[in-house]
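Notes follow the structure.
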Amino acid sequence: MDAPDPDTDDATHGVVTNMSSEQVNRATWVRAENAVVSTCLAHGHTVFLAVDEETLAAHAEESLETLRSLDRLDRAGGTDTAVFRADEDDRQAVLSALSVEDTEEPIPVHRVISWRARGIKRITTLREGSWRYDSVPKQTASRWFHEPNGALKDAVEAALAPIPATGLFPAGEIEVETADRGTVSLDATRIEMYPHQELIQEVYHFSDLETVLVDTRTEEITLDWRTYRSRAKSSLGRVVFGTLHRLREAPPDRLCPDDAEQFERLQDVLSTMATQLEYGVEYREL
């Protein structure tokens, strides 16, 4: 069996960690990744790990030794990347090789994270001939799923639940009409909103969002945003921030989905963002 070469444009879901959360440390994304890999192995996936042996030999010799106990694939062309294959029986070995110490000491953590991000170059899982999960560890936002079935999706969400500020999101943008700002686009992988008005692009981060109110009767969603004035710590600051707020276009405050399917997808994204990613956003449904 050759190592898969997934086309992540086909991804249907992404694993997202809010790296700005105070609850997140340098090891959090590793914990999330390992939880996903463990779940995939438990559901009968084959895992392929592309590694830089030189980096691991210098900084994580025990992890390299453990990986070398797995099935190694032949690689043509003299590449310096080794590829190892594992299945459910190798689950503990894989987790042992990929785990890092969740310590508060900054220097050891920095060294550990460095080898984990650069020494493990890619992790891909295969099930029934198709790729299911793919990650490039040095790009912590590149953690993709392709059509996880209901049981796997539920299991992944359960595995991610204890990990701070992390959740599973639908991949791709959701374009939806607003009450008065035209069309906006929510990108669940980056947790940003992009109102489209002629050639002007405005960006509104979920960190600026205060409240999400979902009306299940009308299938409309109301967004209440923090203002610049509300963040100011002095009267002068409130004047300055108030001026900045007036200069900037007001963010979209009411989303009007086209149909029930789009409404449910928005519910999924916004509720996961508010309840799991720890942006300090209040989420309510009527």
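For this structure, a couple of remarks:
- Full-extension gain in nm, Lys153 to Gln139, via 0.36 nm per residue minus C-alpha separation: 2.8 nm
- Computed from the Cβ-Cβ distance with R0 of 45 Å, the FRET efficiency linking Glu210 to Ala42 stands at 0.70.
- Segment 1-96: trypsin sites (Lys or Arg not before Pro) in DSSP loop, at most 16 other beta carbons within 10 Å: Arg68, Arg75
- Potential extension, Asp7-Glu88 segment - 0.36 nm per residue separation minus Cα distance: 26.8 nm
- Using the Cβ-Cβ distance between Ser20 and Glu173 with R0 = 30 Å, the FRET efficiency computed as 1/(1 + (r/R0)^6) comes to roughly 0.90.
- Sparsely packed loop sites in segment 1-90 (the GluC sites (Glu not before Pro) outside DSSP H, G, I, E and B with at most 10 other Cβ atoms within 10 Å) comprise Glu22.
- Computed FRET value (nearest 0.05) for Ser114 with Thr275, which takes r as the C-beta separation and R₀ as 30 Å: 0.40
- Extension gain, Arg284 to Asp253, is 9.7 nm, computed as 0.36 nm per intervening residue step minus the present C-alpha separation.
- The Cβ shell under 14 Å around Glu285 holds other residues with a net charge of -4, Lys and Arg each +1, Asp and Glu each -1.
Every number in this text was worked out from the coordinates using simple rules, so none of it is lab data. Please read all numbers here as calculations on a predicted model, not as lab measurements. A quick note on method: Cβ atoms are made from the backbone with ideal geometry, for glycine too, and the neighbour counts reach across all protein chains shown.
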